[in-house]
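Below: the structure, in structure tokens.
The values are calculated or read from the model by the stated rules, or taken from the named source; none is laboratory data. All of these numbers come straight from a predicted model, not from anything done at the bench. As a convention, Cβ positions derive from the backbone with ideal geometry for all residues, glycine included, and neighbour counts pool all protein chains shown.
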């Protein structure tokens, strides 16, 4: 039976996701384009950008629309003649749009949502296999916590890039940590990390420990190879800053617009017009805050243990996992209140830490990390119930 649980888990995941997609798209005549979350306002100010018969919401959309619009601008005659909420913020995270847009350009953008679903799931299931392979014998069942991650599942159902980013990171780590790795393994690792950085800037914190350890080990070849993605991304940023877009966006975002003092965003999210409130629907953010707190304590202890360990910082593999989690915690700490008000926004921030904690926990079990992993199962149940019972259809029309 043990040899069958891995393919059975694949099948169970696919069945679950198909059911959730059917539930989410049912109010919109099962149109997959409803998953993109295109708002009427952005459809109107970008005439001709949205494909025919796509679901357009009259009130409220979601970030999937921006990945779609960026993909259209890359591979159609739009040529960046489009308006999103924030030009520079969206253009810097171009990886997911580039990959899905490439296939959509060949097959047809009318199939964008279907292509995005396939890309997200193929890369995710590949990363599940990679994480399963990385875990020690006797602990491989922990990979199921990643397969049924509420964070990756929610991200992929929203057709946004967070789950894609986490999958790329796991694949990059898999090839980097392979025993007796070949030159091809190293190149594949660099390619996955490069795409990860161009998907989310957070990927930089994966490469920093690799470059740091390569420099200490005086491994010039490895240092040079893994510096290339960093230089490439920096040059890309410089290029985007040097060009003049047609429109900076309806809500151009700077660093200060998305941040606040540590945990002020969390506190402010409980108040509206100076009055405290906490609805049953919003109470889940308390569980997410507990996740944040557990992760914070866990990583502080891991850092303490790292400096007390006999193993040199130049050789330990844990640095590769700890630094990205620490960076994520920093982002969550200074997130403005809008992130804390939205389950979708806040939960996406935990997409990468979960598989990294799984890897660390299977090597050095810890009560705190165990509680963190266990509480993710509660959020998984909440997500299923939220989609199946709480999510209501929105007013919409089909694009002409």
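Only residues that are within 26 Å of residue 17 (Cα to Cα), free of Cβ contacts under 8 Å to residues at least 40 places away in the same chain and either surrounded by fewer than 19 Cβ atoms within 10 Å (Cβ to Cβ) or touching a strand residue (DSSP E or B) at 6+ places or on another chain (Cβ under 9 Å) (or both) were counted in the range 142-187, giving 0.
On inspection, residue 61 qualifies as modelled with pLDDT under 90 and under 20 Å from the mean Cα position of the chain (by Cα). Filtered by the rule that a residue be touching a helix residue (DSSP H, G or I) at 6+ places or on another chain (Cβ under 6 Å) and either under 30 Å from residue 316 (Cα atoms) or touching a residue at least 12 places away in the same chain (Cβ under 8 Å) (or both), the range 337-353 gives 337, 339, 340, 343, 346, 347, 348, 349, 350, 351, 352, 353. Every condition in (1) touching a strand residue (DSSP E or B) at 6+ places or on another chain (Cβ under 8 Å); (2) surrounded by 17 or more Cβ atoms within 10 Å (Cβ to Cβ); (3) in contact (Cβ under 8 Å) with a residue 60 or more places away in the chain is met by residue 87 except one, and the failing one is (1). Among the residues of the range 248-302, those identified as out of contact with any strand residue (DSSP E or B) (no Cβ under 8 Å at 6 or more places or on another chain), modelled with pLDDT under 80 and under 28 Å from residue 92 (Cα atoms) are 248, 249, 250, 251, 252, 253, 254, 255, 256, 257. Taken together, the residues in the range 233-247 that are surrounded by 15 or more Cβ atoms within 10 Å (Cβ to Cβ) and at pLDDT 80 or above amount to 2. Residues that are under 18 Å from the mean Cα position of the chain (by Cα), modelled with pLDDT under 95 and not in a helix (DSSP H, G or I) were ranked within the range 335-366; the one that is nearest to residue 294 (Cα to Cα) is 349.
Within the span defined as the range 324-331, every residue fails to be closer than 27 Å to residue 215 by Cα, surrounded by fewer than 16 Cβ atoms within 10 Å (Cβ to Cβ) and touching a residue at least 24 places away in the same chain (Cβ under 8 Å). Looking across the range 344-381, just one residue is surrounded by fewer than 18 Cβ atoms within 10 Å (Cβ to Cβ) and in contact with a strand residue (DSSP E or B) (Cβ under 9 Å, 6 or more places away or on another chain), and that is 345.
Where helices (runs of 4 or more DSSP H) fall wholly inside the range 109-159, the ranges with 2 or more residues that are under 19 Å from the mean Cα position of the chain (by Cα) and over 23 Å from residue 345 (Cα atoms) are 112-134, 143-147.
Name the one entry in 375, 399 that is touching a helix residue (DSSP H, G or I) at 6+ places or on another chain (Cβ under 7 Å), at pLDDT 90 or above and closer than 30 Å to residue 30 by Cα.
That would be 399, the only listed residue that is touching a helix residue (DSSP H, G or I) at 6+ places or on another chain (Cβ under 7 Å), at pLDDT 90 or above and closer than 30 Å to residue 30 by Cα.
Can you pull out the residues in the range 382-400 that are surrounded by 12 or more Cβ atoms within 10 Å (Cβ to Cβ) and under 24 Å from the mean Cα position of the chain (by Cα)? Within the range 382-400, 382, 383, 384, 386, 387, 388, 391 meet the criteria.
Taking residues in the range 93-111 that are without any contact (Cβ under 8 Å) to a residue 12 or more places away in the chain and on the phi < 0 side of the Ramachandran plot, and partners anywhere that are surrounded by 15 or more Cβ atoms within 10 Å (Cβ to Cβ) and not in a loop (DSSP other than H, G, I, E, B), the pairs with Cβ atoms closer than 7 Å and at least 6 places apart or on different chains are 107/115; 111/104.
The rows are residues; the columns are (1) touching a helix residue (DSSP H, G or I) at 6+ places or on another chain (Cβ under 7 Å); (2) surrounded by 15 or more Cβ atoms within 10 Å (Cβ to Cβ); (3) within 24 Å of residue 120 (Cα to Cα).
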| position | (1), (2), (3) |
| --- | --- |
| 18 | no, no, yes |
| 29 | no, no, yes |
| 36 | yes, yes, yes |
| 49 | yes, yes, yes |
| 57 | yes, yes, yes |
| 63 | no, yes, yes |
| 66 | yes, yes, yes |
| 73 | no, yes, yes |
